[in-house]
Every structure is written in C-alpha cells, then in structure tokens.
Amino acid sequence: MAETTTTAYTEDTAPGSLITRDGQMQWAGLLLGPGTPYEIDRGGLSGWEDLPEYDTSDADHPTAHGAWPGARYARPRKIGGTVWTVPSEDSSDSSLSAMRALRQALLLGDAERWLAVRLHGETLAVRARVSQRVLAADRTYTTQGVARASVQWYATDPRRYSVTEQSAVTGAPQPESGLTWPLTWPLYWGQSASTGDVIAANSGSAPTHPLITFTGPCASPTVTDRTSGRRLRYEIKLADGDELVVDTAAGTVTLNSTASRRDTAAADSSPEELFAFEPGRAQLAFRPDTFDTGARMTVRWRDAEW
C-alpha cells in the first residue's frame, strides 16, 4: 500500500540501511526499486559500473613517438537513470503523495548525501548531489498517476564505497614483561600488552582514505604505513582524553572537534591527501615519541571500488 502522507526525504541516512533486496536504490531517506512506489526503468543506471573520466599528466615525446606516462586522476562520477512512480492505489492522493516525496528527495541542495545501490547481493555507495531532475507532467501522469522522472547524480568523489565501515584500534607499543625468576622450563618471555601495529585491508579496486584518531596522553603522535612508506606525524602534545582527528580525504586535522591543527604537521609528514590505502593490506605502525597508559590510535575506512 502506497504511503499517503508527505515525508521530507532530505536527511542523510546510513548508506544502504533501507535496502532489503537486489535492484533497490537508496537516496538519502528514500528507497527506490522493487517493492516501492518507484520502479527503476529497465535501462538501469548509467555511469554506475563505468570507469570515471580522468585527467592525465602524460607528456608527449618532443622528438619521438608516444609520450611519457604520468599520473591519472579520476574526475567526478555522473550517475543517471529513469524512475517511474507507480502508486499501488488507484487514487489521486496516492499519486500526489508519491510525486511530492520524489520532489522532496530530488532537490537542488549543496550537501552531498549517500546514494546506495544493491546488485547481486553487493551494496555500494557514493556521496553525491542531484544535478538534474526532469519530471514529466504528461497525459499518463494526468490520467493514471504514473510519472516518469529522469535523474542525474553528481559524485565529486568518483569512488564507490562499501556500506560497512571497518575499524582497527591499537595502543602505543608496550615492552614485554621479560623472564620471571627463578627460571623454569620452558622459558616464558612474557607478552607485550600492545605492539602498536595494525593491519588495514582494502578489498576493493580503488585506493581509500582513512579517518585516523590519535587519543592522548602522548606526544608527537605518528603513524607509518609500512606498505607504502607514507607517514603522518604531528608535533603536538595530547593530554589524557584529547583527540586529534585526521581526515585524510578532506585533508583536515582537528583537535577535540573544534580547532584545526594541520599546522603541527612535521617536516617529514606526508600530505594528508596522499595517505591512502591501496587495494590490499596496509601495515600501520603507531609510534608516538612519548606516551602513557590510554594512548591509542583508531583507524576507520571503507573498501573502495572504481
């Protein structure tokens, strides 16, 4: 039965939280596809499984054929499709309700929201905004209440992400307790409370940017990706309970959710935007200069796909 009340579908809900079956899409708080008043046209989505367009720094050989290969950077992703509003009730109220909900969801807004799609059991999502909406007020809508909407979304980050966020936590490295006297066989050398090392696995096909939180008490919190050799290091002293949050995608460094501390980056620290996990396993080492009990590093990330 179609919903007969008007709901503002403008909130950014967790990606894929409303999806229950293959073929469904979730845009902000609106669910589209099988089992809803909004059927996706049989043509499906354009731009969803395609590689995005890209810019390249290739340089042509001045006196030879071809060019020197350079870096390639993906442009924003454009996703398009056609949605049909098919109210389950044969009434003008039901048709109007479905149309108004679609209008509210496909608005011209500044904030990016999650667009999630489930295909063959896999749900992926992008952050996007509506860039085009064409609602046909034709004879079919006037007489039957069935409307056609052509929609295009624009994702400034072209990568598609897993809806499940992964995390890893480690304390600063602690020494082993050593041998206990008198010695007994077999010898037990003790076990460290924390190694300061964690593994971050990105099972996708595209690099993904983590969100890293350093929690005090510690001084000069540092993390090194032993796989890539990149390092983040900040010349700052964190008191007990202080949190320094590094958003590598946005390139921000924030202390206690208020003050920017990007200026504390050490000379040997990599640019935040370059600290990304390539497909595979990243080996991270948390090594502050000094620390006390409670110091830790928390890493959060999502698998990313092109």
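FYI, it's all coordinate maths here, none of it is from the lab. Computed from a predicted model, the values in this text were never measured in an experiment. We place every Cβ from the backbone using ideal geometry, glycine too, and count neighbours over all the protein chains shown.
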Label-point separation, A239 to T20 (7 Å along Cα→Cβ), nm: 5.0
Spatial extent of the chain: Rg and Dmax, with the Cα atoms as the point set, Å: 25.3, 93
Length released on extending from T143 to D263, taking residue separation times 0.36 nm less the Cα-Cα span: 36.9 nm
Mean-position separation - Cα centroids, region 29-69 and region 80-155, in angstrom: 21
Kirkwood-based Rg to Rh ratio, region 166-305, C-alpha trace: 1.05
Between 0 and 90°, nearest 10: helix 92-105 axis offset from the chain longest Cα axis: 30
Radius 13 Å from Cβ of R230, net charge of other residues (Lys, Arg +1; Asp, Glu -1): -2
Choice from R118, R21, R42 with maximal GNM fluctuation in the chain (Cα, 10 Å cutoff): R42
S95, S205 arranged by Cβ crowding within 10 Å, fewest neighbours leading: S205, S95
Sum of -39500 (n - 2.57) over DSSP H runs of 4+, divided by residues of the chain (222 nm, nearest 500): -2000 deg cm²/dmol
Phi to ³J(HN,Hα) by Karplus 6.51 cos²θ - 1.76 cosθ + 1.60 over region 225-238, Hz, x for Gly, Pro: 8, 5, 6, 9, x, 6, 9, 10, 9, 10, 8, 8, 9, 9
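Stretched out fully, how many nm does the piece from W306 to A111 gain, at 0.36 nm a residue minus the Cα gap? The partial results should precede the final answer.
Details: separation 195, 0.36 × 195 = 70.20 nm, distance 2.23 nm.
Full-extension gain reported as 68.0 nm.
Within 9 Å, Cβ to Cβ, of G251, how many net charges do the neighbouring residues add up to if Lys/Arg are +1 and Asp/Glu are -1?
Numbers: positive: R262; negative: D247, E272, E273.
Value of the local net charge: -2.
Taking only the Cα atoms of region 25-162, how large is their convex hull per residue, in Å³?
Details: hull volume 20.5 nm³, N = 138.
Output value, Cα hull per residue: 148 Å³.
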